[in-house]
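Read the figures in this text as sums done on the coordinates, not as results from a lab. Fair warning: this is a prediction, and the values are worked out from it, not measured in the lab. FYI the Cβ positions are ideal-geometry reconstructions off the backbone, even for glycines, and counts take in every protein chain you see.
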Amino acid sequence: MNKRLQALLKRHAAAVDKMREVRAAAGENLLSEEQTATFNAAKAEATQLADAIAQEREAIELERTAAAAPAGTALDIGDASVSVGADRRTLDATHGFRSLGEFVSAAYRRQLHGVEDQRLAIGAAATTYGSEGSLADGGFLVPPQFSSEVWKHSLEEEAFLPMTDMQSIAGNSMSYPKDETTPWGTDGVRAYWEAEAAQATQTKPKGEVNTLRMHKLMALIPVTDELQADAPALGGYIAGKAAESIRWKTNLALFEGTGVGQPEGVFTAAARVDVAKEGSQTADTVNANNVAKMYARQLHPSRAVWLIQPQVMPQIMTMTIGDQPIWTPPNQGFQNAPMGFLLGRPIYSTEVCKALGDVGDIGFIDWRSVRSITKAGGIETATSMHVYFDQGMNAYRFTFRVDAKPAAKAAVASKNGGAGGSRSPFVFLADRA
C-alpha cells in the first residue's frame, strides 16, 4: 500500500477512535462542554482526512491507469472504450461488461488464475480492491448497472416496501416527528368557537420523535466453477436468487418483524386492531360480514390494500353482499391489483400471511402509515473467491440496509364510539379456530 495512503488511513482511524472514546465516556449522559469540543475537533479531523484519503486514492488510480497506456489513448474493453484520464462519473455503468455473468467470469479468472482484465479497474476507486471489497482480500464491487438490476428485481410488483412511506438516505438513521392527536380529541392543536372580544383558548402541539436505524439484510451466494463457465446462466441465477431472497425477507419483516435487529412489522404493531368473528361463524372461514367490518375499522380505507393468504382466496372469489359480488377479478387494464379488488381495494395474495383460520390470514393494511428508510444507492454487491476457495466456488454477497416502523403507536378512538370500536391503519380478522 502507498505509504502516504497508509499514514492517512491510520490517522483517520485514530480520529474516529477518539470520537468513540468521547461518546463512551459520556455513557447515557449528554456530552459536557469539554467533551463536545474534543468530539467536534476529532470529527473535523476525520472529515478532512477522509477527503485527503479520497484524493490520494484518486491519484493512485490515475497513475496506475496512465502507466498502462499513454494519456489520451483509448483502452480496448470489448464493446466499450474510454479515454484514459476521463472523469469516471461519465463512464458506462456496466464498466464495459455485457452482462453480470461476464463480469463475474472476469473477476473469477483474475482471482484464481491471475488473468488481467482492464475492465475490472474502470470506474473503480481503490476501495474496490483489498479488504474493503468485502468478504475477503481480493474482492470486487459489482458495476453499478448490475447492482441496480438486482435492486429493481427486488422491488417488483409483490414487494411491500415501495408502498410504504419510504425515504432513501445517505446515513444510517433518520428521526422524524409525529403527532397522533385527532381533531376531535382532548389534547394537541385544537380550534374553539370564541365569543366576540373573549380571550382565545390556547392549545399547543403534542408530538414526539421516532428514530429509524438501518438493519442489514444479506444474501451470500456461493457459485460453482462449472456455473462460472456459463456466463448467461450465472448472471440470471445470481440476480434472480438474490432478488427473490431480499424481497421475501423484507416482505416478511414488514409484515411480522419484531423490531429487534430487523424492521417492525404491521402484525406486531401496537396500533393493530382485530375484528371479532361472527357469533356462529364456522372455523377456518372468511365471510362478507368479516371484510365489511374490517373495512369499517380501517383508518384510511381509500389507500389500504388487502393482504390475503392464498388458501383464503377461493372464499374471497365467491363472496357476495346480497346478490352483488364484492370481489372484482383481475383485469389487464387494472394497475397494482395482481389478484383483483375486494370492496374496491387491491388484493395481494401472499405467503407472509398466517394459516387459514388464524388471526393474520387476512389483513387490511395502509402501508403509507409505515415509515421506512433504505440506504441510498440500493443494494451493495460484492464478489470474492477466497471464502470457498477449497470447494471451487466463488461467493457473491448482496447487502441491503433497511428499517421500517409503523408510524402510529395506538389505535384511534372513534369520535362517537359505538360497537365498531377504534380504527387503525392495520386491521386483521381475529382467530376462527
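Could you order peptides 307-319, 27-39, 395-407 by the average number of other Cβ atoms within 10 Å of their residues, highest first?
Peptide ranking by packing, descending: 395-407, 307-319, 27-39.
Suppose R0 equals 60 Å. What FRET efficiency, 1/(1 + (r/R0)^6) with r the Cβ-Cβ distance, do T186 and E244 give to the nearest 0.05?
The calculated FRET efficiency here is 0.75.
How are the C-alpha pair distances of the range 1-66 spread across 5 Å bins, as whole percents from the shortest bin up?
Going from the shortest bin to the longest, the percentages are 3, 18, 22, 17, 13, 10, 8, 5, 3, 1, 0.
Which of the lysines could be linked to K415 by a straight reach, that is with a Cα gap under 18 Å, when you skip same-chain ones fewer than 8 residues away?
Cross-link targets: K293.
Could you point to the residue in T320, F255, A276 farthest towards the positive end of the range 248-323's charge dipole, with +1 and -1 charges on the Cβ of Lys/Arg and Asp/Glu respectively?
F255
For K409, which lysines qualify as cross-link partners when the Cα separation must be under 21 Å and same-chain residues fewer than eight apart are set aside?
Correct list for K409: K178, K204, K206.
Which lysines, on any chain, are close to K354 with Cα under 19 Å apart, when same-chain ones fewer than 8 places away are left out?
Hits, sequence-local ones excluded: K249, K277.
Using 7 Å Cα-to-Cβ label points, what is the D358/I60 separation (nm, one decimal)?
With each label placed 7 Å out from Cα toward Cβ, I get 5.2 nm.
Can you give the local net charge around A411? Use residues other than it whose beta-carbon is closer than 11 angstrom to its beta-carbon, Lys and Arg +1, Asp and Glu -1.
Around A411, the charge tally is +2.
Can you figure out the FRET efficiency of Q281 with Q324, using R₀ = 22 Å and their beta-carbon distance, to the nearest 0.05?
0.55
Hey, can you rank 337-349, 164-176 by average C-beta count inside 10 Å, highest first?
Packing order, densest peptide first, comes out as 337-349, 164-176.
In debye to the nearest 20, how big a dipole does the range 1-66 give about its Cα centre with +1 on each Lys and Arg Cβ and -1 on each Asp and Glu Cβ?
About 280 debye.
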